[in-house]
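Below is one structure, written out as structure tokens; the observations come after it.
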Amino acid sequence: MPAVPTDSEAPIALLVDVTSGQVLHAREENRRFVPASMTKAMTTFLAFELMEEGVLQPAEVFTIRPETWREWNGKGSTMWLPADARIRVDELLTGITTVSANDGSIVLAEGHAGSVAAWTALMNEKALSIGMTNSRFGTPNGWPDEGKTFTTARDLVTLGAALTSKHPQKYTRFIGRGQFTYNGITQSNRDPLVGSFEGGDGIKTGYTNESGFGFLGTAQRDGQRLVMVIGGVSSQSARARLAKSYLEWGFSAFDSRRVVGGDKQVGFARVQNGTGRRVALVTDGPVFVNVPKGQSPEVSVAITYDGPLRAPIAAGEQVASLQISVEGMEPANVPLLAKEDVGEAGVFDRLINGLTGWLP
């Protein structure tokens, strides 16, 4: 039967419906731990962002340094890069995401940034930019580094949500493959969901003696995407069993209740020094909330923002949040977007706004 893993099975566990931002279950979600090879999900996200910015190209070719080959040849999980390898970025990324290539991660880091230190500085900067405030990366591949690299389940779910929502095409291209062949060697993906769980398509396993077995995983069914983290698991087989049971519980233990229809205006936010005094707020699609199956808890919604907003505001810009509260569960926060542009007020507009501001 689908179930939440017990504390003894997975000391760290977090399951979130990232479609709505709703936490379905949490245990020690803010406890710092060593992510091991789950670190490579951050390296992957950074690569996706650099590609989007146009400063890293999939067809770009990097050459492995002799020192790098001597240090990383056959060290842990590897894609078996030869000593004279000249390899494309897209091959490196596929090796990293599919067979957890330690050597490929280092070559990508050095090839783009010039050094591992420069690459990890970019990782940390990017992690902070998406809200991973309780993580630090000292390596591109998660190899033990005396505790310099750490994260939390909450931050890893934030990363998983960013990977799937910000870069859906790159995610589909590089993550979720069953196997990878390079240099005549075919290796299988250790992801326990890929090919064996309905809707399962990633993201990254991890293991060291220090951290035990962990997994940042996700699955999507009928437009609903769940992202989960388990950490401190005792074995690879237990990790696979718990991941599937945990996600299946998330899909089956709740009923979905529609809160907002697609493109429906949900309210307004006040605007300061704009051509208008307020801006209409919309979601980017229908909004659903999970309620425990067979129950009818009270559901309330509220618009939150730091206001008044300051013009100019562009249509489609995220300017507020819709907070959805389900009795007995953590509140969910859904982005609210500006429905239209609001320009910056000129002198005359400011005069009018000032006068109308005094009116009842």
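The values are calculated or read from the model by the stated rules, or taken from the named source; none is laboratory data. Predicted, not measured: the structure shown is a model, and the values here were computed from it. Heads up, the Cβs are rebuilt from the backbone with ideal geometry, glycines too, and the neighbour counts pull from every protein chain shown. Heavy atoms of the whole protein, side chains included, go into the accessibility calculation; ligands, DNA and RNA do not. Shrake-Rupley method; radii C 1.70, N 1.55, O 1.52, S 1.80 Å.
Listed values, structure above:
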read-out	value
Boolean, residue 293 is surrounded by 15 or more Cβ atoms within 10 Å (Cβ to Cβ) and modelled with pLDDT of 90 or more	no
Residues that are farther than 19 Å from residue 93 by Cα, in contact (Cβ under 8 Å) with a residue 40 or more places away in the chain and not β-branched (Val, Ile, Thr), drawn from region 136-155	144, 147, 150, 153, 154
Region 193-214, subset farther than 14 Å from residue 246 by Cβ, open to solvent by less than 20 Å² (accessible area, probe 1.4 Å) and not aliphatic (A, V, I, L, M), residue modelled with the lowest pLDDT	208
Enumerated helices (runs of 4 or more DSSP H) restricted to region 100-174, each holding at least 1 residues that are surrounded by fewer than 24 Cβ atoms within 10 Å (Cβ to Cβ) and within 15 Å of the chain's Cα centre (by Cα)	116-129, 153-166, 168-174
Identity of the residue in region 215-239, among the polar types (S, T, N, Q) and assigned to a strand (DSSP E or B), that ends up surrounded by the most Cβ atoms within 10 Å (Cβ to Cβ)	218
Filter result for residue 61 (of a type in the set (A, V, I, L, M, F, W, C) and free of Cβ contacts under 8 Å to residues at least 40 places away in the same chain)	yes
Residue that is nearest to residue 16 (Cα to Cα) [pool: residues in region 247-287 that are polar (S, T, N, Q) and either crowded, with 18+ Cβ neighbours inside 10 Å or in contact with an Asp or Glu (Cβ under 9 Å, 6 or more places away or on another chain) (or both)]	256
Conditions (1) assigned to a strand (DSSP E or B); (2) open to solvent by 20 Å² or more (accessible area, probe 1.4 Å); number of the one not met by residue 190	(1)
Near pairs, Cβ below 7 angstrom, 6+ apart or cross-chain, from region 70-84 (closer than 19 Å to residue 98 by Cβ) to any residue that is hydrophobic (A, V, I, L, M, F, W, C) and open to solvent by 70 Å² or more (accessible area, probe 1.4 Å)	76/143; 81/69
Residues located in region 205-228, provided they are in contact (Cβ under 8 Å) with a residue 60 or more places away in the chain and among the basic types (Lys, Arg)	225
